[in-house]
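To start, the structure itself, in structure tokens.
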Amino acid sequence: MDLISASAVNWSRAQFALTAGYHWLFVPLTIGLGLIMAVMESLYVKTGDEKWKTVATFWQKIFGINFAIGVATGIILEFQFGTNWSNYSWFVGDIFGAPLAIEGILAFFLEATFISIMFFGWNRVSKKMHLTSTWLVFIGASLSAFWILVANAWMQYPTGMEFNPETVRNEMVDFWAVTCSPVAYNKFLHTTFSCWAVGAAFVVAVSGWYLLKKRHTDFACRSIRIGSLVGLVAFVMLAVTGDGSAYHVAQKQPMKLAAMEGLYEGKEGAGLVAMGMLNPAKQAYNDETDPYIFKIELPKLLSLLGYRNIHAFVPGITDIVDGGYTLSDGTTALSFRERKERGELAIRALADYQTAREQERDADAANQESILRENYAHFGYGYLDTAEDLIPNVPLTFYSFHLMVMIGVYFILFFLVMLYYTGKKDLHNSRWLQYVALWSLPLAYLASQLGWVVAEVGRQPWTIQDILPVQAASSAISSHNVVTTFILFAVLFTGLLVAEVTIMVKQIKKGPEPAAQEKVSHPQG
Amino acid sequence: MEFESNRPATQYNWFTMFRAGFTSMTRLGKTLWIVVIVKLIILFFILKPFFFPNLLDTTYDNDADKARHVCRELYHKAPSTE
């Protein structure tokens, strides 16, 4: 791609993807390790076994490195809203800002306060106080994620707001509808379990390396036991919450579901593609080319997952463009063309409303406001030129989704095997398994990133589902500016990643140090 | 990063715990703090002011003008009104 000719919108999207992708290398490990180290410290407090303290302090040190390098990398995303996405930033008003503010004020400070006690408080505060702090670090990190995900979920399923044509902003009318939307809590659970999964894979991989090197074997086996247990729970729960995600996507973002499955022609009793290869010869959604080179399908499962009914009709891409099928609420789906017309009406009504208000023609303003409200649900369609603009990148969404699911299934088996070998106390002799443990780590990170690719690429062209596409959300800025900051971020983040890996590898090579004995009495504990 | 001492915990308040934690910090702890501080300086004193101005805040003084600007942008970006 020519660096300069690509549009500012594409560069802004690439920049957001780059920073979010890098940021998401740090976050899952913070949350995942946060849980695992808290469990390990709990075992220390419960049993009084100093070896658990050694295990917990080592992972807390690794957690500290990851936290320090990763902290504030997410703030860069917020910088971009005001510069690259100023229309979006204004348009969403306080709905997006409120969860982010709560995240910054409440959750981050909770996390930051107790992280200090966790590091400085060993032998300084009571065991129970220290343990409480460690758990609060984990809870704080999870709460941080919750508020960010509430904001993201609102973009996927806008609810609890009302558009004010006077201020040209969406205003929050129901805080709880935004916070407790089914998409938000399901997204939070699914994402949190994915963090646990990454943390577990990390702990097991590093411990596998120690076993391969025949160093710190007791430490490694204890870590693998906890890591595998957390990992197994995480991946099973990922499957459960993934089912919830599929259900909500089917209801609220049917185009994303169709892209995830490469489904062009909808059908009743649709099957779920377990494995398949898309046909690159398929150029347009409505050509006659078979979308698959091959596929292995699980009959009826997509209908069951998406609509809780094995006979339900699952619309394909063509159906969503053409409309005319019956929706879950009994109404008939509008075609792209109809929605586009309504979107154009809404856009024009907003402009006319503003003009009428400026000229103090109140009756006309009221009339335009009424037209706008009637058609606001289709507002974003007025920015799309052709039906193709409505369709996300199908191959990227399809392969990302299926690869993520395959990795998930692999990890369930992997952690079961790890737990079996841990139970048999035969991990020391199983070098092949130690290698597998070590080399499985990139897969966990890959799956975690792929999840976001599915969520974000699959919902294109929307920044706010059905309301605002990316081209309308972006600022009128030159692509040169965005290219410059893109390169700056690429350098900065790569530097941070190199620093993280270098410091971490050094500490891992150094290995755990026996925990210092308690030297003080703790009247409170 | 861990802090060791023989003094009883009750003789310390939160402030002394933090002070002692910082003053007896290991090399790793210091390195991480340097990384954090350098990163925050880059973010808030270089990137934010020089590369990421809030376009609406720097161009318009009040909310009414910002709303009008966004309204115009939203109108002109629609293919039907180009």
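Where the only charges are on Cβ atoms (+1 Lys, Arg; -1 Asp, Glu), what is the dipole of the protein assembly as shown about its Cα centre, to the nearest 20 debye?
Value, rounded to 20: 3700 debye.
Put +1 on the Cβ of every Lys and Arg and -1 on every Asp and Glu Cβ in chain A; which of A:Gln507, A:Ala184, A:Phe202 then has its Cα farthest towards the positive end of the dipole?
A:Gln507
Starting from the Cα of A:Lys300, draw a straight line to each of the aspartates and glutamates and keep only those under 18 Å, dropping any in the same chain fewer than 8 residues away.
A:Asp243, A:Glu261, A:Glu265, A:Glu268
Working out 0.36 nm times the residue gap between B:Asp63 and B:Trp14, then minus their Cα-Cα distance, what length gain in nm do you get to one decimal?
Separation in residues times 0.36 nm, less the Cα-Cα distance, equals 13.2 nm.
How large is the charge dipole for the range A:4-139, taken about the Cα centre, if only the Cβ atoms of Lys, Arg (+1) and Asp, Glu (-1) carry charge, to the nearest 20 debye?
460 debye
Of all the C-alpha pairs in the range A:294-419, what % are more than 17 Å from each other?
Cα-Cα pairs in the range A:294-419 separated by more than 17 Å: 73 percent.
For the range A:406-476, what are Rg and Dmax over the alpha carbons, in angstrom?
20.1, 63
As an exercise, identify the chymotrypsin sites (Phe, Trp or Tyr not before Pro) in the range A:256-365 lying in DSSP coil whose Cβ has no more than 16 other Cβ atoms within 10 Å.
A:Tyr325
Taking H as built 1.01 Å from N, whose amide H comes closer than 5 Å to the amide H of A:Leu278, not counting residues under 5 places away?
Residues meeting the amide H criterion: A:Ile293.
Amide H to amide H under 5 Å from A:Gly316: which residues, 5+ apart in sequence or cross-chain, H placed 1.01 Å off N in plane?
Hits under the 5 Å cutoff: A:Gly266, A:Lys267.
Tell me, what ³J(HN,Hα) does each residue in the range A:483-498 have, in order and in whole Hz, if you take phi through Karplus 6.51 cos²θ - 1.76 cosθ + 1.60 with θ = phi - 60° and put x for Gly and Pro?
Each residue's phi maps through the Karplus curve to give 4, 4, 6, 4, 5, 4, 5, 4, 5, 4, 5, 5, x, 5, 5, 4 Hz.
Using the heavy atoms of the protein chains alone and a 1.4 angstrom probe, what is the accessible area of chain A per residue in square angstrom?
On a per-residue basis, 40 Å².
Please report the buried accessible area for the interface of A with B, total over both chains, probe 1.4 Å, in Å² to the nearest 100.
Summed over both sides, the interface buries about 4900 Å².
Using only DSSP helix segments of four residues or longer, with each worth -39500 (n - 2.57), what per-residue ellipticity at 222 nm results for chain A after dividing by its residue count and rounding to 500?
-23000 deg cm²/dmol
Binning every alpha carbon pair distance of the range A:127-174 at 5 Å from zero, what are the percents per bin?
In whole percents, the pair-distance histogram is 5, 17, 15, 15, 12, 10, 9, 7, 6, 3, 1, 0.
What number results when the radius of gyration of chain A, computed over Cα atoms, is divided by 2.2 N^0.38 Å?
Normalised Cα radius of gyration, chain A: 1.07.
What distance in nm separates the simple spin-label points at B:Val38 and A:Cys180, each placed 7 Å from Cα in the Cβ direction?
Between B:Val38 and A:Cys180, the label points sit 4.8 nm apart.
Between A:Asn164 and residues 5 or more places away or on another chain, which pairs have amide H atoms under 5 Å apart, with H built 1.01 Å from N, and which residues are they?
Under 5 Å from the amide H of A:Asn164: A:Arg169, A:Asn170, A:Glu171.
Structure shown: which of A:Lys282/A:Lys340; A:Lys425/A:Lys509; A:Lys128/A:Lys509; A:Lys267/A:Lys340; A:Lys510/B:Lys39; A:Lys213/A:Lys510 lie over 19 Å apart, alpha-carbon to alpha-carbon?
Over 19 Å Cα-Cα: A:Lys282/A:Lys340; A:Lys425/A:Lys509; A:Lys128/A:Lys509; A:Lys267/A:Lys340; A:Lys510/B:Lys39.
The values are calculated or read from the model by the stated rules, or taken from the named source; none is laboratory data. Please read these numbers as outputs of a predicted model, since none were measured by experiment. Please note: Cβ atoms are built from the backbone with ideal geometry, for glycine as well, and neighbour counts cover all protein chains shown. When the accessible area is computed, the model is the full protein with side chains, heavy atoms only, and any ligands, DNA or RNA have been set aside. Shrake-Rupley method; radii C 1.70, N 1.55, O 1.52, S 1.80 Å.
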